[in-house]
1. Expressed in whole Å with the largest first, what are the equivalent ellipsoid semi-axes of the chain derived from the C-alpha gyration tensor as the square root of 5 times each eigenvalue?
2. Near Thr2, within a Cβ-to-Cβ distance under 12 Å, what is the net charge of the other residues, with Lys and Arg +1 and Asp and Glu -1?
3. Provide the percentage of antiparallel DSSP beta bridges, counting only those with both residues in the chain; round to the nearest 5.
4. Which whole number in µm²/s is D for region 87-173 by Stokes-Einstein, with the Kirkwood Rh taken over Cα pairs at 25 °C and 0.890 mPa s?
5. Among the complete DSSP H segments of the chain, which ones combine at least 20 Å of alpha-carbon extent along their axis with a mean Kyte-Doolittle hydropathy of -1.0 or more?
6. Calculate for the chain the 222 nm mean residue ellipticity that helices alone would give, adding -39,500 (n - 2.57) per DSSP H run of length 4 or more and normalising by residue count, nearest 500 deg cm²/dmol.
7. When all C-alpha to C-alpha distances in region 136-262 are sorted into bins of 5 Å, what percent of pairs does each bin hold, rounded to whole numbers?
8. Can you order the peptides 190-197, 80-87 by their average number of other Cβ atoms within 10 Å per residue, highest first?
Amino acid sequence: MTLSSMRVEIQEGLATVTLAQGARGNPFDDDFTRDFRQVFCDLWEVKGLRAVLLKAEGPNFSLGGDLKAFYPKRAELPAIVRRWTADLHMGLQRAWKLPVPVVCAVQGFCMGGGTALMAGCDVVVAAESARIGSAFAQIGFSCDSGSTITLSARMGPSRARRFVLLAEVLQGAEALQAGLVDKVVAEAQVQEEALAIARRFAAGPTVAFGEIKRLFLRAGTTQPEAQLEEEALTLARVAATADAQEGIAAMVEKRKPVFQGR
């Protein structure tokens, strides 16, 4: 599937979503927000989906909002924001709850909404030379794109708040230390490393991965007793899957498990 701002390729259970406006810095605009919603709603309907790889064309992952496009429409921004976020935020909810792992590859600058999008992924591989920041406050804006949710989950509320208030820009190693990304590699290795991790997920126990994601989304929003019960009941369900049975057999038989995603 090819849309105006991104394209999707699916092979052997792995969906690769590529931001395809590299020459413009993969901006968050009308096309992007609409396309993002469509892509991540449609991925829920893909039979046999086992993992997603999110990457971007061009030297930068995403520069966030397109300020040059905003400039002549400054008086219309409230209506534009309400329209764009209606699509984008629905797409983000579908992406966060997608019951398969999502891996993100980041190169160059990743700013604003791009940073929030990246932080919501399950595993983030960034280049050593990457620059990851949140410039909302620098231009007098508050944050959107789930920034308060995804950045808090990765960095902790206090560190995330400081990151946004001070409009910090972190290099690869600094972002790793802050918990913002999961792995830092040379720029030439980013795509290869992210693809390897995504393929590993695509060959793994898909049902278990989905339930692990769901449980972590609930963590901190429910009472401990309720979360413990949810973990127990979820594990009981997952234990009945073919992959769980295979995992036990492979461990006892001292061989590599072959998971079918069911």
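Read the figures in this text as sums done on the coordinates, not as results from a lab. No experiment lies behind these values; they were computed from the predicted model shown. Positions of Cβ are backbone-derived with ideal geometry, glycine not excepted, and every protein chain shown enters the neighbour counts.
1. On the way: eigenvalues 209, 81, 69 Å².
With the √(5λ) rule applied to the chain, the semi-axes are 32, 20, 19 Å.
2. Numbers: positive: Arg7; negative: Glu9, Asp35.
Counting the neighbours of Thr2, the net charge comes to -1.
3. Working: 10 of 31 bridges.
The answer is about 30 percent antiparallel.
4. Numbers: Rh = 13.1 Å.
It comes out at roughly 188 µm²/s.
5. Numbers: long enough: 77-97 (29 Å, -0.22); 224-238 (21 Å, -0.22).
TM-like helix candidates: 77-97, 224-238.
6. Working: 11 runs with 121 residues, N = 262.
Here the helix-only value at 222 nm equals -14000 deg cm²/dmol.
7. Result, from short to long distances: 2, 9, 12, 14, 14, 16, 15, 10, 5, 2, 1, 0, 0 percent.
8. On the way: 190-197: 18.4, 80-87: 15.5.
Averaged packing, sorted descending, gives the order 190-197, 80-87.
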